[in-house]
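J.: Sharing a structure here in structure tokens format.
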Number of protein chains: 2
Amino acid sequence: MTARNPDAARDIPEATVARLPVYLRALTTLADAGTATCSSEELAAAAGVNSAKLRKDLSYLGSYGTRGVGYDVEYLTYQIAREIGVTQDWPVVIVGIGNLGHALANYSGFRSRGFRVVALLDADPRRHDELVAGIEVRPFDELEHIVVESGVAIGVIATPAVAAQAVADRMVAAGITSILNFAPGVISVPDGVDVRKVDLSIELQILAYHEQRKAAGADAREVVR
Amino acid sequence: MTARNPDAARDIPEATVARLPVYLRALTTLADAGTATCSSEELAAAAGVNSAKLRKDLSYLGSYGTRGVGYDVEYLTYQIAREIGVTQDWPVVIVGIGNLGHALANYSGFRSRGFRVVALLDADPRRHDELVAGIEVRPFDELEHIVVESGVAIGVIATPAVAAQAVADRMVAAGITSILNFAPGVISVPDGVDVRKVDLSIELQILAYHEQRKAAGADAREVVR
DNA sequence: TAGATTGTTAATCGATTAACAATC
DNA sequence: TAGATTGTTAATCGATTAACAATC
């Protein structure tokens, strides 16, 4: 291996990192619409942020725009993709091929956005050998083997909550260092392993909180009227 | 309607609101394990945050703990549920019954966490009358009717990206004021409507960014060795 | 050159954290 | 009372934003 990307150490704020994929998606939309160049104002609108924030975010990556002109869509797309690390595909395993696992395996955006599903694993023998999105479902015990063979660094957990911690432990032991967890509840992992969590009912509850306050305001106005 | 919840106006920071559902989940876990009382330290551990943050968050709701003792699990559960607004069920419609819509409709955590799926809608006639999770899939055109009849305030979009904006527009016109969007891409809505977005490939790209930096560090160490 | 737009500065705002007085 | 733990304060840290000098 060679020494590369020496400025990878330059640290980009976490809030900015979380928006880079949003910019990438917005740039793709612009490119599909035939746009070759865009201003920070246009790109910000497409991404749903304000332009000051966009420019500040991009400034952490470097100077990829032209004053008075804007950004070259293709060039900026490449620079952001490179910074995120999705100029090549990352091999991914999905564990838990229930309803959600099916949906994830079939998600076509995967491939086009820097990821390649190399294996679908499930502990239930009744699911084995089934084809999902053209990929055979294999026993969970093959995890270690697959991680080593395919150089998998990222794992997706789509199991029921009770199984999630055990799956995470096995993933970490096998060498996986990034986990996307769709199972409800907290999983704990050693330092150096990143976990991101997607929880449907948490998202809905956050909406419910705001919804309740809107309703409370409406009630109050109703009473006054 | 009666005037209620006068302190609903007291504003709770957004970061705190986003964690309240996490605390609720952690409390449920503790209750299931038979725990009647817990310290901020224990609850924080179960929720995956530090205890100072937990206490600060809870302080926005009121004083529901006992110094020297801790929190009564059942009482705190109720107080947080009340604050979030999930002491009764919110009716929800899901639009787009593909793989993901199926998974969402079948998600059992829905019902137990304050939500009730009242309708599944899809624009494709071939999906109509199909039963998903015991609920009949109905034409998208019934949206307005269902929203009014069932008093739906929260809508879930699980359609392909191209349809998402049109669905959102119809939802807003029908009176929905909170949207959970699983379709990739930005949707725009008027002020007063809340949108939360769940995007699989964005989550994976955030993991990829950190993964790449771990790999870069390993490379550098490799070269030095 | 004149107009446009970036990249950066500096002020402001919000979130986190440690420490500890209050109090059970 | 002594020990434990909350609720709050205040300091710190990180994120957002407006404004504008730099520059195409």
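J.: Can you tell me which residue is farthest from DNA strand D (Cβ to nearest atom) among those in the range A:51-70 that are assigned to a loop (DSSP other than H, G, I, E, B) and of a type outside the set (Gly, Ala, Ser)?
T.: For the range A:51-70, the residue satisfying everything is A:61.
J.: Taking residue A:193 as the residue in question, decide whether it is at negative phi and either within 9 Å of chain B (Cβ to nearest Cβ) or out of contact with any Ser or Thr (no Cβ under 7 Å at 6 or more places or on another chain) (or both).
T.: Judged against the criteria, residue A:193 is not a match.
J.: Based on what the data block shows, is residue B:94 touching a residue at least 12 places away in the same chain (Cβ under 8 Å) and either more than 8 Å from chain A (Cβ to nearest Cβ) or more than 22 Å from the chain's Cα centre (by Cα) (or both)?
T.: It is true that residue B:94 is touching a residue at least 12 places away in the same chain (Cβ under 8 Å) and either more than 8 Å from chain A (Cβ to nearest Cβ) or more than 22 Å from the chain's Cα centre (by Cα) (or both).
J.: Kindly provide the set of residues from the range A:196-217 that are more than 7 Å from every other protein chain (Cβ to nearest Cβ) and more than 19 Å from residue A:156 (Cβ to Cβ), ordered by number.
T.: Across the range A:196-217, the qualifying residues are A:215, A:217.
J.: So, one more: Just give me the residues in the range A:24-48 being in a helix (DSSP H, G or I) and either modelled with pLDDT under 95 or within 12 Å of DNA strand C (Cβ to nearest atom) (or both), in sequence order.
T.: Within the range A:24-48, A:40, A:41, A:42, A:43, A:44, A:45 meet the criteria.
J.: Look through the range B:105-116, keep the residues that are more than 7 Å from every other protein chain (Cβ to nearest Cβ) and touching a residue at least 12 places away in the same chain (Cβ under 8 Å), and return whichever of them is surrounded by the most Cβ atoms within 10 Å (Cβ to Cβ).
T.: For the range B:105-116, the residue satisfying everything is B:105.
J.: I've got another one for you. In the range A:49-78, how many residues are within 14 Å of chain B (Cβ to nearest Cβ), within 11 Å of DNA strand C (Cβ to nearest atom) and either among the aliphatic types (A, V, I, L, M) or open to solvent by less than 20 Å² (accessible area, probe 1.4 Å) (or both)?
T.: Of the residues in the range A:49-78, 3 are within 14 Å of chain B (Cβ to nearest Cβ), within 11 Å of DNA strand C (Cβ to nearest atom) and either among the aliphatic types (A, V, I, L, M) or open to solvent by less than 20 Å² (accessible area, probe 1.4 Å) (or both).
J.: Being part of a helix (DSSP H, G or I) and either within 21 Å of residue B:147 (Cα to Cα) or within 16 Å of DNA strand C (Cβ to nearest atom) (or both) is the filter here, so list the residues in the range B:85-105 that pass it.
T.: B:101, B:102, B:104, B:105 - these are the residues of the range B:85-105 that are part of a helix (DSSP H, G or I) and either within 21 Å of residue B:147 (Cα to Cα) or within 16 Å of DNA strand C (Cβ to nearest atom) (or both).
J.: Output the qualifying pairs, or none if there are none: Cβ atoms under 6 angstrom, residues six or more apart or on different chains, first residue in the range A:197-215 and open to solvent by less than 20 Å² (accessible area, probe 1.4 Å), second residue at pLDDT below 95 and part of a helix (DSSP H, G or I).
T.: What qualifies is A:201/B:109.
J.: Oh, and also: Select from the range B:17-48 the residues that are within 11 Å of DNA strand D (Cβ to nearest atom) and more than 11 Å from chain A (Cβ to nearest Cβ) and write down the one among them that is surrounded by the fewest Cβ atoms within 10 Å (Cβ to Cβ).
T.: Filtering first and then ranking leaves B:41.
J.: Has the range B:73-84 got at least one residue that is at pLDDT 95 or above, assigned to a loop (DSSP other than H, G, I, E, B), among the polar types (S, T, N, Q) and over 30 Å from residue A:109 (Cβ atoms)?
T.: No: the range B:73-84 contains no residue that is at pLDDT 95 or above, assigned to a loop (DSSP other than H, G, I, E, B), among the polar types (S, T, N, Q) and over 30 Å from residue A:109 (Cβ atoms).
The values are calculated or read from the model by the stated rules, or taken from the named source; none is laboratory data. These numbers were taken from a predicted model, which means no experiment stands behind them. FYI the Cβ positions are ideal-geometry reconstructions off the backbone, even for glycines, and counts take in every protein chain you see. Ligands, DNA and RNA are excluded from the accessible area calculation, which covers all protein heavy atoms including side chains. Shrake-Rupley method; radii C 1.70, N 1.55, O 1.52, S 1.80 Å.
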